[in-house]
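Comments concern the structure below.
Since every read-out is calculated from the coordinates, none of them should be taken as a lab result. Predicted, not measured: the structure shown is a model, and the values here were computed from it. Glycine gets a Cβ as well: all are built from the backbone with ideal geometry, and neighbour counts include every protein chain shown.
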Amino acid sequence: MTLPKTDPTTTAAWKKLQDHYDKIKDENMNCWCAQVDRRVERFHIHWDNFLVDYSKNRNKTKTRTLLLELAREVNLSGAIEAQFDGAHINETENRAVLHTALRQANPPEEVSKCLAKMKSFSNEIISGTRKGYSGKRITDLVNIGIGGSDLGPRMVVDALAYYKNSIKLHFISNVDGDQSAETLRELDPETTLFIIVSKSFSTQETLTNAKNMRRWFLNQAPDSALSKHFVTVTSNREGAVDFGVSETHIFPMWDWVGGRFSLWSAVGLSICCAIGFDRFKEMLQGARAMDEHFRTADFEQNIPVILGLLSVWYNNFFRAETEALIPYSHYLAQLLPYLQQAVMESNGKSTARNGKPVSYQTGNIIWGATGTNAQHAFFQLLHQGTKLVPCEFIGFKKPLHGNRENHHKLMANFFAQTEALLRGKSRQRVLAQMEAPSSALSKFVAPFKTFQGNKPSTTLMIDKLTPKSLGSLLALYEHKIFVQGVIWNIFSYDQWGVELGKQLTEGMLADINRASVAETHDASTAFLLEGFLR
């Protein structure tokens, strides 16, 4: 089965949603909260240790009904089954999309073998039984990759730093040699292991950095030591062997796992070494639980479906082009760049599944930062700016290190910000809090202190940040992306948009290496290249 190819704007539900939007677009959520009993009860989902409150959104019961009608009209349920059943829903590359198979209770045999190999390897690194060429135990691990081969593992290692062992993790992604140089300053070749992550084993940035690391290593160690210190995750075994990686140190990648959804595979080997395989497995279990929820729960109580439909509601009817994500946890700082790739590389498309240009907005610009830092950075725009920015707040009931005083202050901010976005602050309240409300100065200043309110937000409150809950959270966002892509009638699992820049880079590099600018460039690019070479 392939995915349906329904232009959402031609559906009856879309037309009803447009009429509904025209009627309620200027209404204030505060009025709904005051007039309608039990709104929160109707607009929240409690699943496992997740509480998702979406009552502070500009949606009514009818809004949800029509959005669910839209989901049914484009056959979202059929699309979900097609993905889980392994249909080649990535049609432009003729591939299945089965990152969910990596975390099944009974995964395919090739996945089981890979997981067993990851377990054995990571256990040996952590225990010290797998040593470097000089007999010293491995103390540092460098993950060399880019895109999904870097952002996923980097994010998880950062997010689960509380659960880390003594192995020090480093990540090199940028082809900028300064990043490699700074990383190498901290390393000892006798105690460092390098993991090269590249499906093709030809990605320019990754292979350039890997060669730099190999050169540095061999400047201080014998050639025979290379096989003990370099591991790769790739589908190009021949390329890895030619590089000098031992056959036994090659972990597989499969074409049915997209890079930005690959941390659950051997791409997560660095995660296993950082937190141990048992905790990596807990993360898989958390993701599997969310997979089951997404696949089986009624849409009205289905977290990824509801959050995905809300994104469509804001993007296509309110014309909100961005979404802000604010995790109230220092550990989730790297979640933002991870989701920027996951969301914008997946759904930043302008061609429908039938090959024709879309006539509506797709994709969301994802941005944000951790709270409370974000409050002192861009919250001014959220509260008093002219742009509508739907926000998702992520918080945890329990702190990891047990500092209740700090955590209570953190969560007080967490709750206060969503309430402030909803309620705002009227001119009357501003004046009432002034010492001389009738003075000319007070009347002048009052508008500047007024908050419009009526700004939408969704709250995800989770019991505690654990490997399992992180797995569920990441799977939630994977499925939210899928829901959006199905509704927008686009292919979420290819990324042709990154190819053109790669192709042009080769020509630019040739120009730079021969110190001569080809005539094929546009005038601006030629001017810049000449300035660089001058």
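Numbers below:
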{"read-out": "Global form of segment 457-534, assessed from the alpha-carbon gyration tensor, a/c cut-off 1.5", "value": "prolate"}
{"read-out": "Theoretical gain in end-to-end length, Arg130 to Leu533 [0.36 nm per residue, Cα-Cα removed]", "value": "140.3 nm"}
{"read-out": "FRET efficiency, Thr2 to Gln452 (Cβ-Cβ, R0 60 Å, nearest 0.05)", "value": "0.85"}
{"read-out": "Degrees between helix 467-488 axis and first principal axis of the chain (Cα, 0 to 90, nearest 10)", "value": "70 degrees"}
{"read-out": "Extent along principal axes [Cα atoms of segment 341-420; Å; largest to smallest]", "value": "56, 31, 18"}
{"read-out": "Gain on full stretching of the segment that runs from Asn403 to Thr296 - 0.36 nm per residue minus C-alpha separation", "value": "34.7 nm"}
{"read-out": "Between segment 236-301 and segment 81-150, the Cα center-to-center distance that results, in Å", "value": "4 Å"}
{"read-out": "Relative contact order (%) - criterion: Cα under 8 Å, at least six apart; region: segment 382-501", "value": "35 percent"}
{"read-out": "Full-extension gain in nm, Thr61 to Thr505, via 0.36 nm per residue minus C-alpha separation", "value": "154.8 nm"}
{"read-out": "Computed over segment 104-275: relative contact order in percent, which uses C-alpha pairs under 8 Å that are six or more apart", "value": "30 percent"}
{"read-out": "Degrees between helix 303-316 axis and first principal axis of the chain (Cα, 0 to 90, nearest 10)", "value": "70 degrees"}
{"read-out": "The chain, relative contact order [Cα under 8 Å, separation at least 6], %", "value": "19 percent"}
{"read-out": "Ratio Rg/Rh, restricted to the chain and using Cα atoms, in which Rh is the Kirkwood radius", "value": "1.00"}
{"read-out": "Relative packing of 396-407, 44-55, which averages over residues the other C-beta atoms within 10 Å, highest first", "value": "44-55, 396-407"}
{"read-out": "The chain, helix-only ellipticity at 222 nm - DSSP H runs n ≥ 4, -39,500 (n - 2.57), divided by all residues, nearest 500", "value": "-14500 deg cm²/dmol"}
{"read-out": "Rounded D (µm²/s) - segment 254-404, Kirkwood Rh over Cα pairs, Stokes-Einstein at 4 °C, 1.567 mPa s", "value": "72 µm²/s"}
{"read-out": "Tensor-based shape of segment 104-275 (alpha-carbon gyration tensor, a/c under 1.5 rounded, otherwise prolate or oblate)", "value": "rounded"}
{"read-out": "Rounded tilt (10° steps) of 204-218 against the dominant C-alpha axis of the chain", "value": "40 degrees"}
{"read-out": "The chain - share of DSSP beta bridges that are antiparallel (%, nearest 5)", "value": "30 percent"}
{"read-out": "Residues Lys164 and Ala377, FRET efficiency given R0 of 22 Å [Cβ-Cβ distance, rounded to 0.05]", "value": "0.20"}
{"read-out": "FRET efficiency, Arg185 to Ser438 (Cβ-Cβ, R0 56 Å, nearest 0.05)", "value": "0.30"}
{"read-out": "Ordering of 442-451, 114-123, 517-526 by burial proxy (mean other Cβ atoms within 10 Å per residue, highest first)", "value": "114-123, 442-451, 517-526"}
{"read-out": "Debye, to nearest 20: dipole size of segment 104-275, +1 on Lys, Arg Cβ, -1 on Asp, Glu Cβ", "value": "420 debye"}
{"read-out": "Centroid-to-centroid separation of segment 359-408 and segment 473-496 [C-alpha atoms, Å]", "value": "22 Å"}
